[in-house]
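Asks: Before we start, here is the structure in question, set down as C-alpha cells.
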Amino acid sequence: MGTVALPIPSEDFDPSEVAISWSILSEQGHQVTFATPDGLPGKGDPIMLSGEGLDFWGFVPGLRKVRLLGLALRANAAAREAYIRMASDGAFTHPLRHDELTVEAFDGLLLPGGHRARGMKPYLESVPLQAFVSQFFDSGKPIAAICHGVLLAARSRSSVTGRSALWGRRTTALTWRLENSAWSMMKYLGRFWDPNYYRTYVESSSEPRGYWGVQAEVERALKSPSDFLDVFQSSPDRFRKGSGLFRDSPTDQRPAFVVQDGVYLSARWPGDVHTFARRFCDILESGKT
C-alpha cells in the first residue's frame, strides 16, 4: 500500500471530495497525509456541511435553519459521516505545512477542490503548493485531481518544460455547465445576497461570461482545448452523468465521469468522488498506465 499526500486549504474545502477520498484510500490500506498552509487542521466549507444559507431566506437568522434547497445541495449523508470520522483522525488533526511536502515522501498525490473564494483562493494561488504539484507531475508518480483541484494542477508549471503540468494531458474538471448551473441557481432561487458563492473567480464587465470558470482556465493551460473532456454524447447514462442531479455511490457508478491519462486521474465535482477515489486506488495499487 502507498502513502498519499492530500493538501487542503485552511478552510472552505469541499467536504465530500476530501472526506470520501480519505475514507476510501484509508479503507484500501493507503496512508493519507494531510497538509495545510500553516500546519493546523483545516475546516470544510460549513455551508456545504449544513446546507444553511443556501435557500433565499437564509440571510434571516431565525429562518436560516429551515432548509429546502440547502438539504438538496449540501454534502450527502455518506460524505457528512465520513467528514466526522476524518475530523478525529490523527492524520487530519496533525497535518504538515504545504511547504514541508516533498515528492520523495509520497507514492501519490490527491488534489481536492472547493469553490468558496475566501478559502480556496489562497490554496489555488499558493506558490509553494504549485511548486510541489509541478515537481510531483515531473516525477511521474500517480496524481488525482477533482473539481478545482484540477485548476491547481493547471496553474502548476513544470520546471522541465516551463508549461502547465497538464500540457499534453487529457483531463476533465468542473465543467462550465455545472458551474454555471449552480451560479444561476444561487442568483435566482437561493443565496441571492451572495450570488457568487459558487464562483471562485468572477469575470469583469469587459470579459466574456465564463472566462474565469474552471473549465475555461484549464482549457487555456492545455496543449489543445480538445484535451478537456466532458461526458460523451454517446454515453448511455449521459443525462445521469451530466445533469448535476445525480451523485455516484459505492454501489452506483453511473452518474460519475472520470478521465484517466496514464497515472493522472481527474474528475469534475463531488458527484464523481466515489468512483474517482476507487479508480485512484486502482492506479496506486497496480501502477497501471
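Values quoted throughout were computed directly from the atomic coordinates according to the rules given, and no laboratory measurement underlies them. Because the structure is predicted, anything quoted here is derived from the model rather than measured. Positions of Cβ are backbone-derived with ideal geometry, glycine not excepted, and every protein chain shown enters the neighbour counts.
Asks: Could you give each residue of region 61-69 its phi-based ³J(HN,Hα) in whole Hz, using Karplus coefficients 6.51, -1.76, 1.60 with θ = phi - 60°, and x for Gly or Pro?
Replies: Karplus values, whole Hz, x for Gly and Pro: x, x, 10, 4, 7, 7, 10, 10, 4.
Asks: Using 0.36 nm per residue, how much length does the chain from PHE59 to VAL103 gain when fully extended, once their Cα-Cα distance is taken away?
Replies: Full extension of this stretch gives 11.4 nm more.
Asks: Once P(r) over Cα pairs in 10 Å bins from 0, in percent is worked out from the coordinates, which option in [x] 7, 30, 38, 21, 4, 0; [y] 6, 21, 20, 13, 11, 9, 7, 7, 5, 1, 0; [z] 6, 26, 35, 22, 8, 3, 0, 0 does it equal?
Replies: [x]
Asks: What order do you get for 87-96, 177-186 when each peptide is scored by the mean count of other beta carbon atoms within 10 Å, highest first?
Replies: In decreasing order of mean packing, 87-96, 177-186 become 177-186, 87-96.
Asks: Tell me, what HN-Hα J-couplings in whole Hz come from the Karplus equation 6.51 cos²θ - 1.76 cosθ + 1.60 at θ = phi - 60° for each residue of region 205-220, using x for Gly and Pro?
Replies: Each residue of region 205-220 in turn: 5, 8, 9, x, 4, x, 4, 9, x, 4, 4, 5, 5, 4, 4, 5 Hz.
Asks: Long-range amide H contacts for ASP12: which residues qualify at under 5 Å (H placed 1.01 Å from N, peptide plane, sequence gap of 5 or more or a different chain)?
Replies: Those qualifying (amide H under 5 Å, at least 5 residues apart or on another chain) are LYS43, GLY44, ASP45.
Asks: What does the helix-only formula give at 222 nm for the chain: each DSSP H stretch with n ≥ 4 adding -39500 (n - 2.57), the total divided by the residues, and the result rounded to the nearest 500 deg cm²/dmol?
Replies: Computed mean residue ellipticity for the chain: -10500 deg cm²/dmol.
Asks: Still on this model: Using modelled amide H (1.01 Å from N, peptide plane; none on Pro or chain starts), what sits under 5 Å from the amide H of VAL32, excluding residues fewer than 5 places away?
Replies: VAL4
Asks: Excluding same-chain residues fewer than 8 positions from LYS43, which lysines have a Cα within less than 22 Å of its Cα?
Replies: LYS65, LYS121
Asks: Do you know the relative contact order of the chain, to the nearest whole percent, from alpha carbon pairs under 8 angstrom that are 6+ apart?
Replies: Relative contact order here is 20 percent.
Asks: Determine ³J(HN,Hα), in whole Hz, for all residues of region 240-255 in sequence, where each value follows from phi through the Karplus function 6.51 cos²θ - 1.76 cosθ + 1.60 and θ = phi - 60°; x replaces Gly and Pro.
Replies: Once rounded to whole Hz, the list reads 4, 7, x, 7, x, 9, 10, 10, 6, 8, x, 10, 9, 8, 4, x.
Asks: So for region 3-286: antiparallel DSSP bridges make up what percent, rounded to the nearest 5?
Replies: DSSP beta bridges in region 3-286 are roughly 25 percent antiparallel.
Asks: On to the next question. Where Lys and Arg each count +1 and Asp and Glu each count -1, what net charge lies around LEU222 among other residues with Cβ under 15 Å from its Cβ?
Replies: +2
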